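Undergrad: To start, I am sharing the structure in question, which I have written as structure tokens.
A short reminder: the numbers here are calculations on the coordinates, not readings from a lab. What you see is a predicted model; the values in this text were computed from it and never measured. Note that we place each Cβ from the backbone using ideal geometry, even for glycine, and neighbour counts take in every protein chain shown.
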Amino acid sequence: MGRFPLDPNSLPPLDPDFERRMDAMTLEEIEQNALDDPDNPPSTEEELDRGVAGRRVRLLRQSLNLSQPQFAERYRINLSRLRDIEQGRTMPDSAFLAYITVIEQEREAVDRALAS
């Protein structure tokens, strides 16, 4: 089994029988089926919060064109912690979120402070 990224502009076609069943269902039925699926439970508020925080950190890192190791080294963040946060495994504490805010808003000041 291999992994490959899906192109959102060229998704594989749905099975015709599956497509007919989906078309016959109301949005409420689709949502209820999703909620009832034991293999794919809905995300908790905590999981959603971790995902939002991780996305914020990842977008900042990507805006600087830095890899995870480069970002971690530049801003003196533990690489394992950065990975866990970006992947939504852990919620960053308030100090980490404050540091990210300072990097977002005053990047040059952070760079000067860390250079000294």
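Undergrad: Can you tell me which residues in the range 52-66 are surrounded by 15 or more Cβ atoms within 10 Å (Cβ to Cβ) and closer than 14 Å to Leu97 by Cα?
TA: Hits for the range 52-66 are Ala53, Gly54, Arg56, Val57, Arg58, Leu60, Arg61.
Undergrad: Here are Pro69, Pro13, Pro8: which of them is surrounded by fewer than 10 Cβ atoms within 10 Å (Cβ to Cβ) and within 20 Å of the chain's Cα centre (by Cα)?
TA: Pro8
Undergrad: Which of the helices (runs of 4 or more DSSP H) contained wholly in the range 1-79 include at least 1 residues that are under 30 Å from Arg112 (Cβ atoms) and touching a residue at least 24 places away in the same chain (Cβ under 8 Å)?
TA: Per the criteria, 45-63, 68-74.
Undergrad: On the given criteria, is Leu48 of a type in the set (A, V, I, L, M) and over 25 Å from Glu108 (Cβ atoms)?
TA: Considered against the rule, which asks whether it is of a type in the set (A, V, I, L, M) and over 25 Å from Glu108 (Cβ atoms), Leu48 comes out as yes.
Undergrad: Those residues that are surrounded by fewer than 12 Cβ atoms within 10 Å (Cβ to Cβ) and small (Gly, Ala, Ser), I need them from the range 81-116; list them, please.
TA: Hits for the range 81-116 are Ser94, Ala95, Ala98, Ala109, Ala113, Ala115, Ser116.
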